[in-house]
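See below for the structure under consideration.
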There are 2 protein chains.
Amino acid sequence: MRDPEATLRQHDLPVTAQRIAVLRAVSGHPHATADDLTASVCGDLGTISRQSVYNVLNVLTDKGIIRRIQPADSPARYEDRIGDNHHHLVCRSCGRTEDVCCAVGEAPCLKAHSHHGFKIDEAEVIYWGTCPACQKKKRS
Amino acid sequence: MRDPEATLRQHDLPVTAQRIAVLRAVSGHPHATADDLTASVCGDLGTISRQSVYNVLNVLTDKGIIRRIQPADSPARYEDRIGDNHHHLVCRSCGRTEDVCCAVGEAPCLKAHSHHGFKIDEAEVIYWGTCPACQKKKRS
DNA sequence: TCATTATTTTTGACAAAGTCCAAAACTCGG
DNA sequence: CCGAGTTTTGGACTTTGTCAAAAATAATGA
């Protein structure tokens, strides 16, 4: 995210300190939770209400400026990187999340199959596993 | 699920009325939530505690007798059909969930890639879209 | 069959993540 | 700089699920 303020203006969103700070936090901490982001913003602005963090994250998500990912057994996480159809790799034991490029080119990702009459708009892929650190921990 | 009782015994689980009823409910209502299942079991046994439903669902899931799916913005759902690596199609507006056969054969499903040093054990795919009923509703 | 023992079930409190609402503060256009 | 309309804030509330202790039940062996 080069310029949070410009990004907000481009999307006709009033520019506020909270929005700039949250946007910067998301940008600087990919896959952070709302809680993580609140902490990060507080280190920047001094304070922000929990509700504002959610408000901002929701409006940014709705506008497509950021993306929300919600793996099982984890609070929602947010990221900056959008529009490139990448997927995620999540550690079952610590929740560590990494980006993964779409493994198979166009299929199944982005391909609008038709099943059961549904109009499909996204194929979400999560790879579940164990991260290096947790593999070590388990062995010991 | 042909015989819930036999299934429980096969897995060395003490047979209780609650377990049989929950197992039957999951079998008869694929993709139901814990709440749905509680209602269904109550119509069968007359009553069951909320905690017992969770206890049973957890133990059955741990044993691999049923599978838990946790799409974003939805409570956990449970299903009977396991071991065939199928995926899910979820309606964004009403949560309706359908099974989808693995769209691309072996890849990316079940294929253990190695990325970031993670040991991957599952590839979960969710297709997001709008079900026929909600498409109609939106148009009207 | 019956007592024993370990496992389940129940009840009620609790926790995490997020939303709803009304009041105060702020942004932006004129 | 003013006023209208958004945002932000604080607090209560909701949903989904877990924890813990006591009561009930299932499986085992005599």
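The figures follow:
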quantity	calculated
Those residues of segment B:6-33 which are near DNA strand D (Cβ under 10 Å from one of its atoms) and either more than 17 Å from B:ARG81 (Cα to Cα) or in a loop (DSSP other than H, G, I, E, B) (or both), in sequence order	B:ARG9, B:ASP12, B:LEU13, B:PRO14, B:VAL15, B:THR16, B:ALA17, B:GLN18, B:ARG19
Among (1) outside the structural domain of A:TYR127 (by TED's automatic domain parsing); (2) modelled with pLDDT under 95; (3) hydroxyl-bearing (Ser, Thr, Tyr) - the single one A:THR16 does not satisfy	(2)
Residues (within 8 Å of DNA strand D (Cβ to nearest atom) and part of a loop (DSSP other than H, G, I, E, B)) located in segment B:51-76	B:GLN70, B:SER74, B:PRO75, B:ALA76
Neighbours by Cβ (under 6 Å, 6+ apart or cross-chain): first from segment B:57-84, within 15 Å of B:ILE20 (Cα to Cα); second loosely packed, with under 15 Cβ neighbours inside 10 Å and of a type in the set (Asp, Glu)	none
Residues satisfying the stated conditions in segment B:119-136, i.e. facing chain A (nearest Cβ under 7 Å) and not acidic (Asp, Glu)	B:LYS119, B:ILE120, B:ALA123, B:VAL125, B:ILE126, B:TYR127, B:TRP128, B:GLY129, B:THR130, B:CYS131, B:PRO132, B:GLN135
Scope segment B:68-94; condition at pLDDT 95 or above, open to solvent by less than 50 Å² (accessible area, probe 1.4 Å) and either touching a Ser or Thr at 6+ places or on another chain (Cβ under 7 Å) or more than 7 Å from chain A (Cβ to nearest Cβ) (or both); matching residues	B:ILE69, B:PRO71, B:SER74, B:ALA76, B:ARG77, B:TYR78, B:GLU79, B:VAL90, B:CYS91
Where A:ASN58 falls short, out of the listed (1) farther than 18 Å from B:ASP73 by Cβ; (2) surrounded by fewer than 16 Cβ atoms within 10 Å (Cβ to Cβ)	(1)
A:HIS87 vs. criteria under 13 Å from the mean Cα position of the chain (by Cα), touching a residue at least 24 places away in the same chain (Cβ under 8 Å) and assigned by TED's automatic domain parsing to the domain that holds A:GLU98	yes
Total residues in segment A:96-113, condition at pLDDT 60 or above and either of a type in the set (Asp, Glu) or farther than 16 Å from A:ILE69 by Cβ (or both)	2
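Okay, residues lined up against (1) within 12 Å of DNA strand C (Cβ to nearest atom); (2) open to solvent by 60 Å² or more (accessible area, probe 1.4 Å):
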| position | (1), (2) |
| --- | --- |
| B:MET1 | no, yes |
| B:VAL15 | yes, no |
| B:VAL22 | yes, no |
| B:ASP36 | no, yes |
| B:ALA39 | no, yes |
| B:GLY43 | no, yes |
| B:THR47 | yes, yes |
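The values are calculated or read from the model by the stated rules, or taken from the named source; none is laboratory data. These numbers were taken from a predicted model, which means no experiment stands behind them. Every residue, glycine as well, gets a Cβ built from its backbone with ideal geometry; the counts of neighbours run over all protein chains shown. Quick note on the areas: whole protein, heavy atoms, side chains included, nothing else; ligands and nucleic acids left out. Shrake-Rupley method; radii C 1.70, N 1.55, O 1.52, S 1.80 Å.
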